[in-house]
Amino acid sequence: MAKAAKEKAASTEKKINVHYLSRVEGHGNIIAEVDEAGVVTACRWEVPEAPRFFEAMVLGRSYLDVHHIVSRICGICSIGHQLASLQATEEALGVMVSEQTLILRKLALHGENIQSHLLHVGYLVLPDLLGVDSVIPLASTHREELLHVVKARAMSNEFCRIVSGRTTHPQRLMVGGMAKLPTPEDLVRLREILVGSQEHLRAVVDLFAAVRGNFPDFTRETEYVGLSSPSEYGLYWGEVASTAAPRRTAALYQ
């Protein structure tokens, strides 16, 4: 009798796996477990990152190839991965870049940050805040607002192309400098599109301010880690700072 009851209880228990969620930067899963009484006993939100073995891909390769290879780690933050590789290579070789190279690299990084943020908030987050499954229905219900997002992101794509040579997986950044410099005409064009995008960027900010009440009221104890610089907002250079550990130089970060 005890065995039969146990088997019956087990047969009514459920485990629900929802894999490959869309609109997640990575791979999102939801796993829920329900007992025989219909009570949810566990519910987990997972964003796993599978190993992609780039460390093995660069073994034995020329230092001139590595930054191009590792930029393929991600199609969204390829400039960030490439700059991290360039910095590591230059530190190992004792290479100091010019002020011009430094400025162009920071411009490329700013372009990518705008590009990534607009993708995240405009295409991945906004549908949830407005109660739809994807960005497509917003073309009918919030056409003007969506056009501001689209035009602002088009600007960010062009920003990256002008500085880096491509919108994704840049070609011009290299160890010690730049393979090709933007022309004066390119930089004039960059200034024009940045000035012209202010209307669209302000509209995106206003849109999210208007729907901020739709964000869930959620907090949890979290350790935050990032670069910190005393001279500027830490994106390109800085110490590794944590809310739970002392600061340390990037060379000592593990």
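The values are calculated or read from the model by the stated rules, or taken from the named source; none is laboratory data. Predicted model only: the values in this text are computed from it and were never measured. All Cβ positions, glycine included, derive from the backbone under ideal geometry; neighbour counts span all protein chains shown. Surface areas here come from the heavy atoms of the whole protein model, side chains and all, with no ligands, DNA or RNA. Shrake-Rupley method; radii C 1.70, N 1.55, O 1.52, S 1.80 Å.
So for each of 210-216, 85-91, 28-34, 156-162 I average, over its residues, the number of other beta carbons within 10 Å; can you give me the resulting order with the highest mean first? Before the final figure, lay out each step's value.
Details: 210-216: 10.3, 85-91: 17.7, 28-34: 14.9, 156-162: 20.0.
With the highest mean Cβ count within 10 Å placed first, the list reads 156-162, 85-91, 28-34, 210-216.
For labels at residue 63 and residue 133 in the simple 7 Å Cα→Cβ model, what's the distance in nm?
5.2 nm
Please list 3J(HN,Hα) in residue order for segment 46-59, calculated via the Karplus relation 6.51 cos²θ - 1.76 cosθ + 1.60 where θ = phi - 60°; whole Hz, with x for glycine and proline.
Values per residue, Gly and Pro as x: 10, 10, x, 10, 6, x, 10, 6, 5, 4, 6, 5, 8, 4 Hz.
Can you list the residues, at least 5 places off or on another chain, whose amide H is less than 5 Å from the amide H of residue 241, using H built in the peptide plane?
Answer set, sorted by chain and number: 226, 227, 228.
Counting only protein heavy atoms and using a 1.4 Å probe, what share of the accessible area of the chain belongs to carbon plus sulfur, as a whole percent? Walk me through the numbers on the way to the answer.
Values: 9480 of 16440 Å².
Carbon plus sulfur share of accessible area: 58 percent.
Residue farthest toward the positive end of the dipole of the chain, with Cβ of Lys/Arg at +1 and Asp/Glu at -1: which of 149, 18, 197?
18
Order the peptides 191-199, 57-65, 168-176 from the highest to the lowest mean number of other Cβ atoms within 10 Å of their residues.
Numbers: 191-199: 12.7, 57-65: 11.0, 168-176: 17.6.
Top to bottom by mean Cβ count within 10 Å: 168-176, 191-199, 57-65.
Can you compute the charge dipole magnitude of segment 78-233 about its Cα centre, using +1 on each Lys and Arg Cβ and -1 on each Asp and Glu Cβ, nothing else charged? Give it in debye, rounded to the nearest 20. If you can, show how the numbers build up before the last one.
Details: 14 positive and 18 negative charges, 93 e Å.
Here the size comes out at about 440 debye.
Based on the Cα atoms of the chain, what semi-axes does the equivalent ellipsoid have, where each is the square root of 5 times one gyration tensor eigenvalue, given in whole Å with the largest first? Don't skip to the end; give the middle numbers.
Working: eigenvalues 329, 150, 61 Å².
Largest first, the chain gives 41, 27, 17 Å.
If you only keep lysine pairs separated by 8 or more in sequence, or across chains, how many in the chain come under 22 Å at the Cα atoms? Could the numbers behind the result be given before it?
Values: 3/14; 3/15; 6/14; 6/15; 106/180.
Count of close lysine pairs: 5.
Give me the percent of Cα-Cα pairs in segment 146-220 that sit more than 13 Å apart, rounded to a whole number.
Cα-Cα pairs of segment 146-220 separated by over 13 Å account for 72 percent.
Only helices at least 24 Å long along their own axis, judged from Cα atoms, and with Kyte-Doolittle mean hydropathy of -0.5 or greater: name those in the chain from DSSP H.
For the chain, where a helix must reach 24 Å along its axis and average at least -0.5, the hits are 99-118, 143-164.
Can you give the translational diffusion coefficient of segment 101-176 in µm²/s, computed by Stokes-Einstein from the Kirkwood radius over Cα pairs at 10 °C and 1.306 mPa s?
Working: Rh = 13.5 Å.
So the translational diffusion coefficient is about 118 µm²/s.
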